[in-house]
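*Asks:* Please see the structure below; I have some questions.
The values are calculated or read from the model by the stated rules, or taken from the named source; none is laboratory data. This is a predicted model, so every value here is computed, not measured. A quick note on method: Cβ atoms are made from the backbone with ideal geometry, for glycine too, and the neighbour counts reach across all protein chains shown. The protein model used for the area step is the full one, side chains on, heavy atoms only, and it has no ligands, DNA or RNA in it. Shrake-Rupley method; radii C 1.70, N 1.55, O 1.52, S 1.80 Å.
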Amino acid sequence: MKRIIGIKFSHYGQIYFFYCEDPFVDRGDRVLAETGQGLGIATVMNIVDRLPEDLPPDGVRDVLRKVTDEDQIVAEENDTLTYSAHKFCESRIRERQLDMKLVDVEVLFDRSKLVFYFTAPTRIDFRELVKDLVREYHTRIELRQIGVRHETQMLGAVGSCGMVCCCRRFLRKFVPVTIKMAKEQNLSLNPTKISGVCGRLMCCLKNEQETYEELNKKLPGLGDTVTTPDGLTGTVHSVNVLRQRVKVIVEINDEKEIQEFPVDDLKFRPRK
């Protein structure tokens with residue numbers, strides 16, 4: 001009977017789910033698995049009863065086997081090759097004065113291909129660089145341009161929350177994040193406050209958006225007219241979304257003052 005196991009191909013990488021027929025594979029074991037790129041060695045992180053809801057069963061592959069001593073030797077040799085290929089490629093980029101930044105190098109387990117990931121402000125003509133790499137390593141070479149969000153995902157970084165970035169820990173794909181989400185969550189629109197290490201809007205804005213949308217439905221908007229428990233009519237000054245409290249400008253004895261109320265104590269026309 002096939003089991004579902006979660007594996008990581010790197011220490012801070014994401015968990016990917018595979019089927020496993022070997023009943024003796026357990027947490028902490030290293031296994032050989034085939035990905036879309038090719039063979040790779042991964043560590044078993046957990047064993048689960050069901051797949052995540054966003055992962056279709058037909059998109060799950062099988063692990064091949066536990067890692068043998070011979071596989072481990074190959075993996076160590078590949079690590080050495082990855083390091084030397086990174087250094088060599090960087091030297092050729094400098095010599096050819098290419099406006100690109102090498103991010104990472106991936107060596108497939110059987111060394112059938114080397115993949116070089118890079119960022120660049122524009123399209124790069126790297127044909128001569130590919131020729132240099134083919135002459136040096138005598139195998140298939142792929143240069144793949146990635147964005148800054150993918151760069152952070154690959155290299156890993158610590159976010160302003162003090163934890164490893166979400167994209168490195170668990171996100172399997174990027175979703176659109178907009179400035180509207182920051183407004184909905186009543187956050188400062190200062191770019192330094194709502195941007196991640198990659199310089200783009202923080203992915204966690206999307207994680208919390210659904211909760212804020214639901215909470216905001218129960219609140220009046222800024223400037224809306226409300227009726228207080230005392231029967232006074234006032235204008236909404238500000239709202240605290242998480243505490244579900246509203247500050248209202250009311251007029252008492254010809255003087256304006258700000259009073260705070262739980263939203264449930266106010267009467268107003270709800271948002272559509």
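*Asks:* Does Gly196 satisfy the condition of being open to solvent by less than 80 Å² (accessible area, probe 1.4 Å) and farther than 25 Å from Ser238 by Cβ?
*Replies:* yes
*Asks:* Let me ask something else. If you scan the stretch 109-141, which residues turn out to be open to solvent by 50 Å² or more (accessible area, probe 1.4 Å) and either assigned to a strand (DSSP E or B) or among the aliphatic types (A, V, I, L, M) (or both)?
*Replies:* Result: Val134, Arg140.
*Asks:* Sticking with this one: I need the strands (runs of 3 or more DSSP E) fully contained in the stretch 1-71, keeping only those with at least 3 residues that are among the hydrophobic types (A, V, I, L, M, F, W, C).
*Replies:* Because the criterion is at least 3 residues that are among the hydrophobic types (A, V, I, L, M, F, W, C), the strands (runs of 3 or more DSSP E) in the stretch 1-71 that meet it are 3-8, 16-20, 30-34, 39-48.
*Asks:* Quickly run through the stretch 222-235 and pick out the residues that are in contact (Cβ under 8 Å) with a residue 24 or more places away in the chain and part of a strand (DSSP E or B).
*Replies:* Passing the criteria: Thr225, Val226, Thr227, Gly234.
*Asks:* Something else now. If I filter the stretch 206-220 for residues that are among the hydrophobic types (A, V, I, L, M, F, W, C), farther than 30 Å from Gly156 by Cβ and free of Cβ contacts under 8 Å to residues at least 60 places away in the same chain, do I get at least one hit?
*Replies:* Yes: one or more hits.
*Asks:* When you check Val48 against the structure, is it under 11 Å from Gly6 (Cα atoms) and surrounded by fewer than 15 Cβ atoms within 10 Å (Cβ to Cβ), yes or no?
*Replies:* yes
*Asks:* Just one of Lys180, Lys173 is within 32 Å of the chain's Cα centre (by Cα), surrounded by fewer than 17 Cβ atoms within 10 Å (Cβ to Cβ), part of a helix (DSSP H, G or I) and not aromatic (Phe, Trp, Tyr); which is it?
*Replies:* Unique residue meeting the criteria: Lys180.
*Asks:* Going through the stretch 6-44 one residue at a time, which ones are in contact (Cβ under 8 Å) with a residue 40 or more places away in the chain, closer than 26 Å to Leu155 by Cβ and hydrophobic (A, V, I, L, M, F, W, C)?
*Replies:* Ile7, Ile15, Phe17, Phe18, Leu32, Leu39, Ile41
*Asks:* Take the residues of the stretch 1-32 that are open to solvent by 10 Å² or more (accessible area, probe 1.4 Å) and of a type in the set (A, V, I, L, M, F, W, C): which is modelled with the lowest pLDDT?
*Replies:* Met1
*Asks:* At positive phi, at pLDDT 90 or above and out of contact with any Leu (no Cβ under 6 Å at 6 or more places or on another chain) - does that describe any residue in the stretch 239-246?
*Replies:* Yes, some residue in the stretch 239-246 is at positive phi, at pLDDT 90 or above and out of contact with any Leu (no Cβ under 6 Å at 6 or more places or on another chain).
*Asks:* Collect the residues in the stretch 262-272 that are in a strand (DSSP E or B) and open to solvent by less than 60 Å² (accessible area, probe 1.4 Å), keeping them in residue-number order.
*Replies:* Pro262
*Asks:* Would you check which residues across the stretch 258-270 are modelled with pLDDT of 90 or more and of a type in the set (D, E, K, R) and list them?
*Replies:* The answer is Glu260, Asp264, Asp265.
*Asks:* Turning to a different aspect of this structure: In the stretch 33-45, which residue that is out of contact with any Gly (no Cβ under 7 Å at 6 or more places or on another chain) and among the hydrophobic types (A, V, I, L, M, F, W, C) is surrounded by the most Cβ atoms within 10 Å (Cβ to Cβ)?
*Replies:* Ala42
*Asks:* In addition: Tell me, which residue of the stretch 237-261 that is hydrophobic (A, V, I, L, M, F, W, C), under 13 Å from Asn186 (Cβ atoms) and in a strand (DSSP E or B) is nearest to the chain's Cα centre (by Cα)?
*Replies:* Among those that are hydrophobic (A, V, I, L, M, F, W, C), under 13 Å from Asn186 (Cβ atoms) and in a strand (DSSP E or B), it is Val239.
Conditions tested, residue by residue: (1) among the charged types (D, E, K, R); (2) touching a Ser or Thr at 6+ places or on another chain (Cβ under 6 Å); (3) over 20 Å from Lys8 (Cα atoms).
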| site | (1), (2), (3) |
| --- | --- |
| Leu51 | no, no, no |
| Asp54 | yes, no, no |
| Val60 | no, no, no |
| Leu64 | no, no, no |
| Ala75 | no, no, no |
| Ser84 | no, no, yes |
| Phe88 | no, no, yes |
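*Asks:* Give me the residue from the stretch 92-108 that is open to solvent by 40 Å² or more (accessible area, probe 1.4 Å), without any contact (Cβ under 8 Å) to a residue 60 or more places away in the chain and not in a loop (DSSP other than H, G, I, E, B) and, out of that set, nearest to Leu129 (Cα to Cα).
*Replies:* Checked the stretch 92-108; the qualifying residue nearest to Leu129 (Cα to Cα) is Arg92.
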